[in-house]
Amino acid sequence: MKRILVFCDYYRPSLKAGGGMWTIANLVDRLCDRYEFHIVTRNYDSPGDTRPYTSVRTGEWNDLGNAKVFYAAADDLTAANCARLAVSVDPHVVFLNSVFSTPVVKFLIARRRRMIPNIGVVLAPCGELSSGALQSKSLKKRTFLAIARATGLYSGVIWKASTDLESKEIKSVFGDYLEPIVAPDLTPLTILPEFEIGQKPAKSAGAARFVFLSRIVPKKNLAFALRIFREIKAGDVLFEIVGPIEDAAYWHECEELINELPSNVKVNLVGGVDYNTGLQKLVESHFFILPTLNENFGYVFIESLAAGTPILISDQTVWGSVSENEVGWVSGLGEDQKWIDSINECIEMNDADFVEMAARARKFAVTWLADTEYENATARAIEAAIERNSVL
């Protein structure tokens with residue numbers, strides 16, 4: 001079986017790392033019957049939780065599910081160590097899950113210095129090259145990218161874009177001559193396989209439960225949602241905020257907005273939760289809301305739909321089809337009144353109409369998860385890298 005070596009910031013048993021971690025977890029779960037996976041990652045959970053894991057061995061290969069995983073301490077993520085690991089695994093291809101992460105950059109430096117044999121490389125930017133993503137820490141990122149282009153750090157990699165839009169973003173940063181392979185991010189094989197519509201809460205006209213499930217950072221745009229709820233003057237509304245607070249200053253802004261909400265809108269701050277608890281929160285809610293500034297894929301959207309929870313999202317995602325399939329609402333971030341109208345529509349929806357919409361959402365998700373073309377597209381990118389060694 002052909003071997004794939006992955007470098008990524010975080011991997012299982014992480015509970016807080018978000019979509020980037022699930023990109024690799026789903027890659028392994030879906031393609032483990034085709035490839036043997038070795039993963040090099042950090043030995044802690046996330047930027048907000050840097051305590052070393054106690055359930056795995058740091059500095060050694062661990063058997064974890066369908067992969068062998070090497071958990072590296074921060075000081076051990078050097079170009080020399082990445083080269084040593086690559087030589088020991090002797091992979092047919094290397095898969096890099098990020099443009100900026102330390103494990104990825106250290107491997108690329110080793111590659112550029114010819115510290116490892118010629119190996120095909122697939123690089124998935126995971127939305128990091130979008131204009132919205134580059135606005136965060138923009139000077140630092142743009143300086144790094146300028147140096148990377150000048151030194152040829154990414155020369156010869158096969159770029160994997162999740163969407164046609166991301167393909168254009170890659171070209172805008174690294175050159176129009178590139179031909180990224182477009183392959184959507186992989187979802188889990190199943191989400192909530194035992195789910196039944198009867199698990200959804202009853203829905204009365206004039207009342208609704210909304211949930212925000214994401215990291216509390218500016219990109220996810222919780223403050224925008226709170227400003228919209230400030231305009232909801234009628235109906236019995238519960239808004240649950242689920243996710244870790246990763247930006248204290250931004251959360252302070254959100255707290256001020258919570259204090260300005262009308263009395264009919266109640267907020268419950270849940271905080272960070274594990275994956276299964278997050279799914280249960282989606283099941284317990286009527287509607288999910290995330291007015292994100294930008295989302296490369298957004299696993300939480302398909303998770304919400306799988307939980308029978310229609311979604312209210314911005315037009316800065318790849319999930320525009322939820323509107324035409326009547327399983328959600330899509331609005332621009334400059335269309336406040338449209339957001340208000342959509343939320344009021346949710347509040348006024350009766351139980352029969354809600355059950356019908358929830359069933360459509362579940363069916364949409366099950367159909368999406370069953371489509372094997374997405375994993376075949378990723379496999380094509382991997383095979384292309386195996387067949388064409390990097391040009392250094």
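The values are calculated or read from the model by the stated rules, or taken from the named source; none is laboratory data. Note that the structure is a prediction, hence the values are computed from the model and not measured. Cβ coordinates were reconstructed from backbone atoms using ideal geometry, including for glycine residues, and neighbour counts include every protein chain displayed.
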Does segment 13-45 hold any residues that are over 14 Å from the mean Cα position of the chain (by Cα), closer than 15 Å to Thr58 by Cβ and either outside the structural domain of Ser88 (by TED's automatic domain parsing) or surrounded by fewer than 24 Cβ atoms within 10 Å (Cβ to Cβ) (or both), and which are they? Pro13, Asn43, Tyr44, Asp45
Pairs under 8 Å by beta carbon, first residue surrounded by fewer than 14 Cβ atoms within 10 Å (Cβ to Cβ) and at pLDDT 90 or above in segment 184-200, partner part of a helix (DSSP H, G or I) and small (Gly, Ala, Ser), six or more apart or different chains? Ile197/Ala358; Ile197/Ala359
If Val122 satisfies all but one of (1) in a helix (DSSP H, G or I); (2) over 20 Å from Ser14 (Cα atoms); (3) among the hydrophobic types (A, V, I, L, M, F, W, C), what's the number of the condition it fails? (1)
Among the residues of segment 274-292, how many are hydrophobic (A, V, I, L, M, F, W, C) and within 23 Å of Ser14 (Cα to Cα)? 4
Hey, among Val69, Val28, Val104, which residue is in contact (Cβ under 8 Å) with a residue 24 or more places away in the chain and either more than 25 Å from Glu295 (Cα to Cα) or of a type in the set (Ser, Thr, Tyr) (or both)? Val69
Taking segment 140-176 and keeping only residues that are over 19 Å from Glu387 (Cβ atoms), part of a loop (DSSP other than H, G, I, E, B) and out of contact with any helix residue (DSSP H, G or I) (no Cβ under 8 Å at 6 or more places or on another chain), one is left with Ser162, Thr163, Gly175, Asp176
Looking at Thr58, Thr54, Thr23, which is the one that is in contact (Cβ under 8 Å) with a residue 60 or more places away in the chain, outside any strand (DSSP E or B) and of a type in the set (Ser, Thr, Tyr)? Thr23
Does Asp185 satisfy being acidic (Asp, Glu) and in contact with a helix residue (DSSP H, G or I) (Cβ under 6 Å, 6 or more places away or on another chain)? yes
